[in-house]
Structure formats: structure tokens, C-alpha cells
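Colleague: Below you will find the structure I want to go over with you.
The values are calculated or read from the model by the stated rules, or taken from the named source; none is laboratory data. What you see is a predicted model; the values in this text were computed from it and never measured. Here Cβ is always computed from backbone atoms with ideal geometry, including for glycine, and neighbour counts include all displayed protein chains.
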Amino acid sequence: MIRSLAPSVSRRGFVGASAGTLVAALGGCSRQAPPPSSPPPLTRPEGDTDADWAHVRAQFLLDEGVAYMNNASLGMPPRQVFEAVADGYRALSREPLHGKHDLQDAVADAVLPALAGLLGVRPGELALTRNATEALHLQAIGLVLERGDEVLITTQEHPAGRRPWQFRAAREGIGLREVFVPSPLPPAKEVVDRIESQVGPRTRALAFCHVTRGGHLYPVRELCAMAKRHGLVTLVDGAQAVGQLPVGIEALGCDAYSASLHKWLLGPVSTGFLWVREEARDRIHTAFAHDATPRAPAFEPPGTVDFPVRAALAAALDFATVLGLDRIESRCRFLSEHLKARLIELPGVTLLSGPTERSCPGSTIFQMEGLDAMAAVPRMEAIAAIHLDEHQRDGHDAIRVSTHVYNRIDEIDRLIEALPRARDSA
Ligand SMILES: Cc1ncc(COP(=O)(O)O)c(C=O)c1O
């Protein structure tokens with residue numbers, strides 16, 4: 001016998017729902033009987049200090065004593081995201097047919113409009129993917145190119161942004177030119193000039209990061225404007241940008257933009273998107289449908305997908321919207337400014353992140369004399385329960401600290417105190 005869904009997850013209930021009401025609907029079961037440790041209400045913080053953000057920190061389930069500073073690898077979803085995923089799976093398990101429809105409706109009626117609103121694009125232009133890697137692959141293989149045409153990328157691409165082009169180079173004989181961009185990142189004009197100097201008669205596209213793995217913030221508008229002057233298609237990797245600062249994709253001037261939603265947006269694991277400008281759909285095609293048109297571009301990988309995970313993006317979007325991306329950026333900068341000020345006090349430390357206009361709010365990279373970055377990561381966990389990542393790229397043997405709004409000044413101070421111990425215990 002098919003049992004009907006509880007009113008809180010009924011199909012009708014989702015139609016026209018905002019992200020906020022959807023979160024309430026999906027979270028219905030757990031809200032009825034809140035656990036004793038239920039967090040304080042989520043509100044937009046007034047300022048940047050730990051006291052201003054204490055109620056936000058209380059939304060996370062992180063184990064006591066652990067300082068998580070590896071958000072650039074994987075974001076730590078807050079309780080409301082975790083509960084939304086669980087509620088979505090509960091709905092599917094209780095009644096798969098309507099549960100699935102409800103979750104699909106939630107994605108169409110709440111997630112896509114909220115995501116589009118946050119990013120300054122139209123909902124119909126977004127295709128959800130499992131991660132940025134998948135989206136980057138789709139945008140690269142979809143670009144219309146002929147043998148001998150050339151694509152420019154930089155030496156600072158993540159493998160997810162480089163490998164699809166290597167694949168096309170090996171298979172189809174397209175040219176791939178990597179433009180050297182130094183780290184620390186030079187001023188915007190130098191970045192643009194370096195790349196522009198490599199544009200040749202067969203260059204057709206330019207692909208680069210909005211924010212690199214190491215946290216360098218690229219001059220996206222200037223690069224897109226330069227590319228446009230040369231008639232190039234621009235494809236941007238926004239995996240490290242979306243969720244830690246306001247991003248208005250349409251206004252950046254690029255043709256395609258790919259990102260993860262499980263990093264800085266704190267969405268559930270296995271979420272990302274591909275955006276392709278409507279006007280660029282004659283040059284970027286889908287990999288999936290023979291009958292796609294610019295109006296029905298079919299960029300989204302077809303088939304059954306992780307409905308509960310995708311629907312739970314509404315909770316992550318609600319989280320970011322209530323806090324405000326402007327406040328998130330400001331809080332992240334407040335924390336990393338403190339980190340940078342403390343790091344440069346330490347003997348032997350070289351800061352590799354640039355000034356504010358050239359570095360993202362949340363990720364900081366540095367080297368320390370005598371400290372092997374690869375070895376330091378597990379050592380810092382053992383010594384001080386601090387989770388970091390190495391950045392052995394761009395000629396560095398660096399450590400990457402990626403702090404998000406939930407981190408605290410005392411955790412950063414603990415990191416500073418533990419670094420010399422990690423070096424000396426080698
Ligand atoms: C710049 C950049 N691009 C792409 C990716 C890939 O992201 P995902 O794991 O979501 O596919 C990462 C992951 O760290 C990244 O830093």
C-alpha cells in the first residue's frame with residue numbers, strides 16, 4: 001500500500017516555496033522534537049568578531065577540540081544542511097514515488113531560483129552537477145573547436161581545469177598553451193598582459209580560475225574584457241569562489257562558469273553547477289543530446305540523480321542568504337587578516353598570499369623554513385588537532401589554511417603556537 005507523505009513534505013507544499021520555507025518543510029520532522037542541543041536561531045551577524053559569530057558557530061556539529069581549517073578542500077555543512085539531506089532520504093524511504101517528485105519539485109521551485117538569485121543569473125541557464133570537476137569537464141568538451149585551434153590556460157589551474165583540455169589535445173589535436181602566472185599573484189594588469197601576449201591567430205578560448213587552489217583572486221572582469229576584444233570564449237573555474245564572496249556571474253562577462261557548492265557554500269557533498277551564457281550556446285554544446293538547441297541546451301548529465309542531496313542545497317542557500325555573502329566575506333577576511341598578522345611574526349615564514357585585492361577572503365598560503373608541508377599536515381593534526389592542507393604547487397612548499405566563518409581567533413592562535421613545534425618535531 002502506498003502511504004501518503006507527511007504534509008511537511010507533500011508535493012503541493014513545495015510548489016512556489018522559497019528556500020527558507022523549503023528548509024522548514026524538509027526539516028519538519030526534526031523541528032517537531034528539537035534535540036536538547038538545538039542551536040540558537042540563525043541571524044545575520046552585526047560585526048566580524050567571534051562574539052558576533054558565536055551563534056553561527058553553534059550551527060555546526062564539529063567534534064569538540066578539532067579546529068577545521070581545510071574548507072577549501074571540503075566545506076563543513078551546518079546542521080540544517082545535514083538535517084535536510086537526512087529528511088530528503090527519509091521522504092524517499094517512506095514513499096519513493098512521491099518522495100522523488102517532491103524532491104525534484106524542490107530543486108526546480110526552490111533550489112534553482114535561489115541559486116540563480118545568489119549568482120545573478122537566470123535559473124534556466126544553470127545545470128546542476130556532482131562537483132566542479134564534472135562541470136569543468138562538460139564546459140571544456142562542449143566547446144566547439146577544430147583541429148589546430150588553440151586554448152589558453154594558466155599554470156595555476158587545478159587538475160580539474162587542466163585535464164579536460166589535455167584530453168582534447170591528445171584526442172583531437174587541439175593546441176593547449178599554458179601561460180605562466182607567478183605566485184604570489186602580480187597586479188591585475190600584469191596578469192592580463194601576460195595572458196594577452198600569448199593570444200595567437202588560432203587561439204579560440206581562455207580558461208582560468210576565479211580563485212585558484214592557493215587562494216589567488218584573479219581579475220576576472222579584466223581578463224574577460226581582454227578575451228572579448230580578441231573574440232575568445234571565456235571559461236571560468238569558480239570552485240574556490242562561490243560561497244566565500246559575492247559573485248555576480250553574468251556581470252563578470254565570461255561565457256561559462258563552473259563551481260562546487262560543497263566547498264565555501266557549505267552545501268552537501270557532491271554538489272556543483274555549470275552555467276553557460278545563453279548567447280554562448282552556439283559555441284559551447286552539450287555532451288549529451290543530439291537534439292539540443294540553444295533554448296534547450298541539455299547541459300545537465302541525464303539520468304537518476306542524488307535528489308535528497310540536491311534538494312538539501314536549499315538549506316545551504318538559505319544559510320548563506322540569511323548570513324549574507326557580504327558578511328561572510330567580511331568575517332572570512334577578519335579571520336585571515338589575523339592569521340596573516342600572526343604568521344609574519346614567526347621567524348622563517350614567507351606569506352605567499354597577496355594583498356586584499358589579489359587574495360580571496362578565506363584561504364592563506366605560506367612557507368616556513370625547515371617545515372616540509374606534506375609532513376606538516378598530519379603532524380599539525382597530531383600535535384594540535386588542526387586540519388590543514390599542503391600547497392606544493394606553483395613552485396612552493398607551502399601550507400594552505402582555509403578558514404571559514406565558523407573558525408575562531410583562539411583556533412588561529414593555536415595554529416601559530418603549534419607551527420614551530422611541528423617544524424621542530426621533524
Ligand atoms: C580551483 C579548483 N577547481 C576545481 C576543483 C575541483 O572541485 P571539486 O572537487 O568540487 O570537483 C578544486 C578543488 O579543490 C579547486 O580548488
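Colleague: Inspect region 314-334 for any residue being closer than 25 Å to A418 by Cβ and over 19 Å from the mean Cα position of the chain (by Cα) and give the result as yes or no.
Modeller: Checking region 314-334: at least one residue is closer than 25 Å to A418 by Cβ and over 19 Å from the mean Cα position of the chain (by Cα).
Colleague: To continue, here is another question. Taking R130, is it surrounded by fewer than 22 Cβ atoms within 10 Å (Cβ to Cβ), farther than 25 Å from I249 by Cβ, charged (D, E, K, R) and at pLDDT 95 or above?
Modeller: No: the conditions fail for R130.
Colleague: Is it true that some residue in region 205-212 is small (G, A, S), within 15 Å of V179 (Cα to Cα) and within 16 Å of the ligand (Cβ to nearest atom)?
Modeller: Yes, region 205-212 contains a residue that is small (G, A, S), within 15 Å of V179 (Cα to Cα) and within 16 Å of the ligand (Cβ to nearest atom).
Colleague: Could you tell me which residue of region 139-190 is surrounded by the most Cβ atoms within 10 Å (Cβ to Cβ), considering only residues that are among the hydrophobic types (A, V, I, L, M, F, W, C) and assigned to a loop (DSSP other than H, G, I, E, B)?
Modeller: L185
Colleague: Next question. Every residue in region 254-295 that is polar (S, T, N, Q) and within 16 Å of the ligand (Cβ to nearest atom), please.
Modeller: If the condition is that a residue be polar (S, T, N, Q) and within 16 Å of the ligand (Cβ to nearest atom), then S258, S260, S270, T271 are the ones that fit.
Colleague: If you don't mind, another one. Take F82 and decide whether it is part of a helix (DSSP H, G or I) and among the aromatic types (F, W, Y).
Modeller: The answer is yes for F82.
Colleague: Let me ask something else. Only one of these is under 17 Å from S260 (Cβ atoms) and outside the structural domain of D394 (by TED's automatic domain parsing): R130, R122. Name it.
Modeller: Answer to the selection: R130.
Colleague: Kindly state which helices (runs of 4 or more DSSP H) lie completely within region 231-335 and contain at least 1 residues that are under 30 Å from E150 (Cβ atoms).
Modeller: Those helices (runs of 4 or more DSSP H) span 249-252.
Colleague: Now a separate question. For the structure I just gave you, tell me whether T356 is closer than 18 Å to T403 by Cβ, of a type in the set (S, T, Y) and surrounded by fewer than 18 Cβ atoms within 10 Å (Cβ to Cβ).
Modeller: Taking the combined requirement at face value, the residue satisfies it.
Colleague: Next question, about the same structure. Quick one: what pairs do we get from region 166-190, first residue charged (D, E, K, R), second outside any loop (DSSP other than H, G, I, E, B), C-beta under 7 Å, 6+ apart or different chains?
Modeller: Sorted first by the residue in region 166-190, then by its partner, the pairs are R168/A140; R168/I141; R177/E150; R177/L152; E178/I153; E178/T154.
Colleague: Given (1) assigned to a loop (DSSP other than H, G, I, E, B); (2) within 15 Å of the ligand (Cβ to nearest atom), identify the lone condition not met by L136.
Modeller: So the condition that L136 fails would be (1).
Colleague: Between D63, D109, D105, which is out of contact with any Leu (no Cβ under 7 Å at 6 or more places or on another chain) and assigned to a loop (DSSP other than H, G, I, E, B)?
Modeller: Exactly one residue qualifies, and that residue is D63.
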